[in-house]
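Everything on this sheet refers to the single structure shown next.
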Amino acid sequence: MPEDHFGEDVAATYDDEVAEMLDASTTDAAVEFLAELAGEDGALELGIGTGRIAIPLARRGVAVSGIDLSSAMVARMRGKPGGSEIPVTLGDFAATRVEGRFSLAYLVFNTIMNLTTQDEQVACFQNVARHLEPGGRFVIEVGVPELQRLPPGETVRAFEITPTHLGFDEFEVATQGLVSHHYSIRDGKATVHSIPFRYVWPAELDLMARLAGMTFRERWGGWRREPFTAESSMHVSVWEKS
Ligand SMILES: C[S@@+](CC[C@H](N)C(=O)[O-])C[C@H]1O[C@@H](n2cnc3c(N)ncnc32)[C@H](O)[C@@H]1O
């Protein structure tokens, strides 16, 4: 089982930190995008967390189920209106099986990168394929690796410097490894938190989908179907189970 990096301390401030980072209309656009793809058989969210996407999607009439490793994150979701009605299986989304077949599975907010090896990321696609009905869609939202910003020979890049948060990404290019280090000040108290990731290229994801019996359908530069270009910093990609 992978290590849980979303314990009580992270879960306690997760929603506030995301609210500072993302404007609410981005979450609305994600929910709209996913609602359009969700068929009658419902949707499975991998890494459902505190229900940021799942709760408003369920409110739109989509039957949402979830998988998550962190009981602390899921407890936050269950404390919100509508959150306790969403079935969640605790476990690793690269391996955990959930009852039923779904018309949509989705993995947003860079969470594919929480799987820190290529084998685990491939296993995740294969696990999704097992849960999708034929014609079902898999949606991933993830950043484009920022290697163009890393000067040759350097391994650390600051991604945020504010009076209350210093964020540094530390790259291990040979293994596509990335550790994000966060130094935060909240209520006058400093906390340090580091999370390991594996960054992954769009074309590599397409190959993982193919290995799992899925076909590439769409790639956008954002949830509002912005074109995906050489300047895009993130993408929303859709594959279909053959
Ligand atoms: C960045 S949060 C995203 C939560 C939610 N999807 C959102 O968009 O706000 C990542 C979530 O994925 C979960 N997670 C990370 N790795 C996981 C794994 N291997 N299996 C299951 N859940 C995992 C974490 O516990 C956390 O709740």
request  = Could you bin all the Cα-Cα distances of segment 1-80 into 5 Å bins starting at 0 and give me the percent of pairs in each, rounded to whole numbers?
outcome  = 3, 15, 24, 24, 19, 11, 4, 0
task = Note down the net charge around Ala123, summing +1 for each Lys or Arg and -1 for each Asp or Glu among other residues with Cβ under 11 Å from its Cβ.
result = -2
message = Can you work out the Karplus-derived ³J(HN,Hα) for every residue in segment 52-62? Use 6.51 cos²θ - 1.76 cosθ + 1.60 with θ = phi - 60°, whole Hz, and x for glycine or proline.
response = 3, 9, 4, 5, x, 5, 5, 5, 7, x, 7
remark   = Lys and Arg at +1, Asp and Glu at -1: neighbours of Gly83 with Cβ under 13 Å from its Cβ sum to +1
request  = Would you be so kind as to identify which of Met208, Gly188, Leu34 lies farthest towards the positive end of the dipole of the chain, taking Lys and Arg as +1 and Asp and Glu as -1 on Cβ and the Cα centre as origin?
outcome  = Leu34
ask   = Tally Lys and Arg at +1 and Asp and Glu at -1 over the other residues with C-beta under 10 Å from the C-beta of Gly167: what net charge comes out?
value = -1
request  = Could you go through segment 153-161 in sequence order and give the Karplus-derived ³J(HN,Hα) for each residue, using 6.51 cos²θ - 1.76 cosθ + 1.60 with θ = phi - 60°, rounded to whole Hz, and x for Gly and Pro?
outcome  = x, 9, 10, 10, 9, 7, 10, 7, 9
query = Are there GluC sites (Glu not before Pro) in segment 1-106 that DSSP marks as loop and that have at most 14 other Cβ atoms within 10 Å, and which are they?
reply = Glu3, Glu40, Glu99
query = Quick one: putting +1 on the C-beta of Lys and Arg, -1 on the C-beta of Asp and Glu, what dipole do you get for the chain around its Cα centre, in Debye to the nearest 20?
reply = 500 debye
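Please report the relative contact order for segment 87-229, taking Cα pairs under 8 Å with a sequence separation of at least 6, and give it as a percent rounded to a whole number.
Once divided by the residue count of segment 87-229, the mean separation gives 20 percent.
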request  = Check each of the trypsin sites (Lys or Arg not before Pro) in segment 25-76 and keep only those in coil by DSSP with at most 14 other C-beta atoms within 10 angstrom; list them in order.
outcome  = Arg60
key: Principal axis box of segment 1-147, alpha-carbon based, largest edge first, Å   = 38, 35, 31
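Read-outs throughout are calculated quantities, based only on the coordinates presented, and are distinct from any laboratory measurement. As the structure is a prediction and not an experimental result, all values here were calculated from the model. All Cβ positions, glycine included, derive from the backbone under ideal geometry; neighbour counts span all protein chains shown.
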